[in-house]
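The structure under discussion appears below in the form of structure tokens.
The values are calculated or read from the model by the stated rules, or taken from the named source; none is laboratory data. Just so you know, these numbers come straight off a predicted model, no measurement behind them. Virtual Cβ from ideal backbone geometry, glycine too; neighbours counted across all protein chains shown. What goes into the accessible areas is simple: the full protein's heavy atoms, side chains included, and nothing from ligands, DNA or RNA. Shrake-Rupley method; radii C 1.70, N 1.55, O 1.52, S 1.80 Å.
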Amino acid sequence: MIHRWLLLFATFAITGVILDRAYAEDDVLIKRVKTTWRAQDGATIDDILSRAAKIAHFVPRGWEVGQKHDSETPVVFSWARSQGDKPDDAYTISWNISAKGDMSLGPPYAKTMQLGWQPFALSLIAREMADEYPQPNVAFLHDTSNYDFVVTAQGELGNLLKKGRCTIGDPVSLDYVVLPKEAPKEDVWRLQISVNCEIAGPSYFTRDGVIIFKKTNSDPWQPASFFARRIAKYPPGHWFEQVEPDEQKAFDAVRKALKGPR
């Protein structure tokens with residue numbers, strides 16, 4: 001009987017040591033992600049998450065280390081939109097650590113975090129709006145200063161919009177777009193906003209004008225709509241002084257199509 005108890009005690013002791021070692025290893029991996037990963041603007045994970053929690057419906061749940069898969073170990077952060085959400089309603093963000101120590105962030109919705117805290121918060125709130133979630137932080141979404149992370153040849157986008165007397169409306173979207181594997185281009189971040197500008201200019205720009213910018217990896221943001229190209233090319237107050245041939249050609253084609261055959 002004594003031998004059986006001694007064996008049972010030894011088993012528990014060994015199991016406890018193994019679990020303690022596993023927890024310690026998990027803590028090391030989590031700390032490693034927190035201390036080494038950085039957004040493109042230099043922000044840390046803790047900074048981004050704490051700021052997001054103050055601005056969006058973003059309630060941190062905790063960290064854990066997932067099961068190793070294909071030589072990668074996922075370090076997972078979970079969060080919810082509300083304190084009362086059930087565990088099954090939680091969202092997750094993963095940093096997959098390769099055998100070489102490289103870290104890849106996912107899933108796609110979380111990749112706006114790579115741009116910094118403002119883009120991540122904007123993407124969260126924009127998704128709340130799309131999902132019709134109650135009481136989204138619309139003021140943050142419409143504040144032009146929160147778009148200064150997009151830098152053009154003329155300066156920061158938010159500052160340019162302010163100087164151009166533009167206000168941001170709905171919808172707003174900031175997404176990481178994953179292209180098909182056979183696509184010749186890389187995946188991109190895509191920002192699209194709608195604006196009203198109290199300045200002289202074509203109404204299709206100044207009323208519900210569409211501004212789109214895209215970027216890949218650490219490359220600069222590139223204009224991807226006609227209005228965005230004008231903002232990146234000309235200073236505020238001079239956006240509509242010049243005729244853009246490609247733009248004119250496209251609008252003429254639209255007008256012709258709307259008139260139909262004669």
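With n ≥ 4 as the cut-off for DSSP H runs, can you work out [θ] at 222 nm for the chain, using -39500 (n - 2.57) per run divided by the number of residues, rounded to the nearest 500?
Values: 8 runs with 99 residues, N = 262.
Calculated at 222 nm, the ellipticity per residue is -12000 deg cm²/dmol.
Angle check, please: helix 2-36 long axis (alpha carbons) against the longest principal axis of the chain (alpha carbons), in degrees 0 to 90, nearest 10.
Its long axis makes an angle of about 20 degrees.
How big, in percent, is the set of alpha carbon pairs in the range 131-262 lying more than 25 Å apart? The partial results should precede the final answer.
Details: 2896 of 8646 pairs.
Of all Cα-Cα distances in the range 131-262, 33 percent exceed 25 Å.
Could you tell me how many cubic angstrom of Cα convex hull volume the chain has per residue? Write out the running numbers ahead of the final one.
Details: hull volume 51.5 nm³, N = 262.
Convex hull volume per residue, Cα atoms: 197 Å³.
Averaging sequence separations of C-alpha pairs under 8 Å and six or more residues apart, then dividing by the length of the chain, give the relative contact order as a whole percent. Let's see the in-between values first.
Working: 390 pairs, mean separation 28.2, N = 262.
Averaging sequence separation for qualifying contacts and normalising by length gives 11 percent for the chain.
Of the cross-linked pairs LYS111/LYS163; LYS31/LYS68; LYS214/LYS249; LYS162/LYS185, which ones have a Cα-Cα span greater than 26 Å in the structure shown? All intermediate terms of the calculation are to be shown ahead of the outcome.
Details: LYS111/LYS163 30 Å; LYS31/LYS68 17 Å; LYS214/LYS249 23 Å; LYS162/LYS185 33 Å.
Exceeds cut-off: LYS111/LYS163; LYS162/LYS185.
Give the accessible surface of the range 143-242 per residue, rounded to a whole number of Å², with probe radius 1.4 Å and ligands, DNA and RNA excluded.
52 Å²
Taking Cα centroids, how far is the range 32-85 from the range 104-181 in Å?
Cα centroid of the range 32-85 versus Cα centroid of the range 104-181: 19 Å apart.
Within the range 47-147, list the GluC sites (Glu not before Pro) lying in a DSSP loop whose Cβ has at most 15 other Cβ atoms in a 10 Å radius.
Details: sites: GLU64, GLU72, GLU128, GLU132; in loops: GLU132.
Within the range 47-147, the qualifying GluC sites (Glu not before Pro) (loop, at most 15 other Cβ atoms within 10 Å) are GLU132.
What is the Å³ per residue value for the convex hull set by the Cα atoms of the range 34-121?
On the way: hull volume 8.3 nm³, N = 88.
Output value, Cα hull per residue: 94 Å³.
Determine the order of ASP246, ASP85 by accessible area, beginning with the largest, at a probe radius of 1.4 Å.
Largest accessible area first, the list is ASP246, ASP85.
How large, in percent, is the carbon and sulfur part of the accessible surface of the chain at a probe radius of 1.4 Å? Don't jump to the answer; show the numbers that get you there.
Details: 8590 of 15790 Å².
Of all accessible area on the chain, carbon and sulfur atoms account for 54 percent.
Tell me the per residue accessible area of the range 13-108 using a 1.4 Å probe; a whole number in Å² is fine.
On the way: 5810 Å² over 96 residues.
Ligands and nucleic acids excluded, the result is 61 Å² per residue.
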